[in-house]
Ligand SMILES: [Fe+2]
């Protein structure tokens, strides 16, 4: 696990948006490229907006994989010997068109990247990061510490930190609504963060919880909202054609396409970064 830090200067009243991109599965015939482009266009290149990535950016099922079927692959890649590289290259081009490298806090791997590394000793996200030109390359899980601070005359004012824990996720796709909340919310016992972002089972939800602690100075308690979230996907569950997708054969429920987003409001008076989900 790696940790990345980012200084963020703010003024009172500022609002920041965090956009989390997980499970794009680019290169799959069922990847909703139009929805991805629409969302990147809508949320990218905006002031005070950050992006964070949680893996499975490419689908990466190679020809000799027992899961491979031609119908799972986007026809654009038929006949290409370097199809995996081309997928990450094309996705990097789409992302670079709609976002700026400095907007990205970090990106990580999913099981589809890790499986590819294991089988081929080749790291597709490394190629992606080199192409897009930023360096915060997390693995399967990582943390990002945002240090919100104000610049005052004569130096830097006191800051507030906001910690994001990212893990691609694990386990089979549950058929029970709510199972993923139970599974992922346990993580808050083991890793100290203000927000926990997961993917893997392609749900799109954000579950707010409240953490209460006594104030170190002064009377009373400090309440802080903590989110555990699953950050969505751009992989459609089914396509209108005879050939079934992997999801159809596995009986996965249709997924809401999109990405989880959050508003972060550094509040100097309360000494807390307030957070709200806009899933
Ligand atoms: Fe995935």
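Laboratory data are not the source of any read-out in this text; all were calculated from the coordinates shown. All values reported here derive from a predicted model rather than from experimental measurement. Cβ coordinates were reconstructed from backbone atoms using ideal geometry, including for glycine residues, and neighbour counts include every protein chain displayed.
What to note about this one:
- Highest-fluctuation residue, 77, 190, 246 considered, GNM on the chain with Cα pairs under 10 Å: 190
- For the chain, fraction of C-alpha pairs farther apart than 31 Å, in %: 28 percent
- In terms of other Cβ atoms within 10 Å, 40, 21, 2 run from fewest to most in the order 2, 40, 21.
- Out of every Cα-Cα pair that region 1-101 contains, those further apart than 18 angstrom amount to 55 percent.
- Overall shape of region 141-279 was characterised from the C-alpha gyration tensor. The equivalent ellipsoid obtained from it has semi-axes of 37, 16, 12 Å, in decreasing order.
- Cβ-Cβ FRET estimate between residue 210 and residue 7, R0 fixed at 30 Å, reported to 0.05: 0.65
- Over the chain, DSSP H runs of length four or greater, each weighted -39,500 (n - 2.57), average out per residue to a 222 nm ellipticity of -6000 deg cm²/dmol.
- Relative contact order, percent, the chain [alpha-carbon distance under 8 Å, six or more residues apart]: 24 percent
- Degrees, to the nearest 10: 83-98 long Cα axis against longest axis of the chain: 40 degrees
- Highest GNM mean-square fluctuation among 210, 228, 163, for the chain modelled with Cα contacts below 10 Å: 210.
- Scaling against 2.2 N^0.38 Å puts the C-alpha radius of gyration of region 75-173 at 1.40.
- Of interest is the spacing of the C-alpha centroids, which for region 82-146 and region 159-182 amounts to 20 Å.
- As a proxy for reagent exposure, 153, 183, 48 were ordered by neighbouring Cβ count within 10 angstrom, fewest first; the result is 153, 48, 183.
- Sites residue 119 and residue 238 - FRET efficiency at Förster radius 25 Å, r taken between beta-carbons, to 0.05: 0.35
- Nitroxide proxy distance, nm - points 7 Å out along Cα→Cβ at residue 153 and residue 217: 2.3 nm
- Ranked list, fewest to most other Cβ atoms within 10 Å of each Cβ, for 277, 172, 121: 121, 172, 277
- Pairwise FRET efficiency - residue 46 versus residue 76, Cβ, R0 = 22 Å, nearest 0.05: 0.15
- Debye log10 I(q)/I(0) at q = 0.17, 0.19, 0.25 Å⁻¹ for region 152-216, Cα point scatterers: -0.70, -0.81, -1.19
- Beta bridges per DSSP, both residues in region 2-277: antiparallel share near 55 percent.
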